[in-house]
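In what follows, a structure is listed as structure tokens, so that the remarks can point back to it.
The values are calculated or read from the model by the stated rules, or taken from the named source; none is laboratory data. Computed from a predicted structure; not experimentally measured. Here the Cβ positions follow ideal geometry from the backbone for every residue, glycine too, while neighbour counts run over all protein chains shown. The area values use the complete protein model at the heavy-atom level, side chains included, leaving out ligands, DNA and RNA. Shrake-Rupley method; radii C 1.70, N 1.55, O 1.52, S 1.80 Å.
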Amino acid sequence: GERWVDGPYYGHPNTASAIILLLMPIAAFLFLFSWNNWLKAIHGSFLLVGLFLVYVMASRTAQLALAVVVVCGAILTRPRKRRVIALLAVGCVFVATFLNLRSLNPRFMDETFRSLTFRDENWRNLRTLIVKRPVFGYGYGKRNYQTVYHRSFRRSVVPYQHAHSLILQTAFETGIVGLAAMMWLWGTVAYRLLRGYALNRNPYGTLCAA
């Protein structure tokens, strides 16, 4: 938990780690399918640097999301023989990771991972605010979030500048309209990827779609 780095990480290491993870599947696809060795080297370097930064910035959310992506990729690998090998390899890696979790990311061991630490109060109050302005919300930004929240709940001791929930954050800032747009966006992406998985018989293409 002390491996923080100084630099332009978009306001918070969690945000930077999320951006890296969003780009990783694209880099993996280009690394596997590019015929240009220079491009392969560039995308391979990005994957290595990205994994290193996710480790250094110690973002628990990003690391758990990466684990879920790896498991899903192993489950959806074709054919079955490769799937079994992939699952066994992933299982061995996860066991080794669990046994060395304290050294890999000690933030998984601290109190904030075992409790909600004000999140339950934050979410309960946010639901109250969202019901009052359900259509278009209250507007974007941390400063706006703090102003509206603490003006409405003056006795609250919640220290956060955000909701710690993408769904509640989106509903608070943009209302049902923005939340529906976000769900449509990610639903479309998920549909296209699942359709690509169903139609693509190339094992590498299937893995990238997964």
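Remarks
- Residue within region 36-46 that is among the aromatic types (Phe, Trp, Tyr), open to solvent by 50 Å² or more (accessible area, probe 1.4 Å) and touching a helix residue (DSSP H, G or I) at 6+ places or on another chain (Cβ under 9 Å) present: yes
- Top-ranked residue in region 101-115 [being in a loop (DSSP other than H, G, I, E, B) and in contact (Cβ under 8 Å) with a residue 24 or more places away in the chain; ranked as nearest to residue 172 (Cα to Cα)]: 110
- Checked against the criterion of being part of a helix (DSSP H, G or I) and open to solvent by less than 40 Å² (accessible area, probe 1.4 Å), the candidates 89, 27 yield just one match: 27.
The rows are residues; the columns are (1) of a type in the set (Phe, Trp, Tyr); (2) open to solvent by less than 60 Å² (accessible area, probe 1.4 Å); (3) in contact with a helix residue (DSSP H, G or I) (Cβ under 9 Å, 6 or more places away or on another chain).
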residue	(1), (2), (3)
115	no, yes, no
118	yes, no, no
124	no, no, no
141	no, yes, yes
145	yes, yes, yes
155	no, no, no
163	no, yes, yes
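- Between 119, 78, the distinction of being in contact (Cβ under 8 Å) with a residue 40 or more places away in the chain and more than 19 Å from the chain's Cα centre (by Cα) belongs to 78 only.
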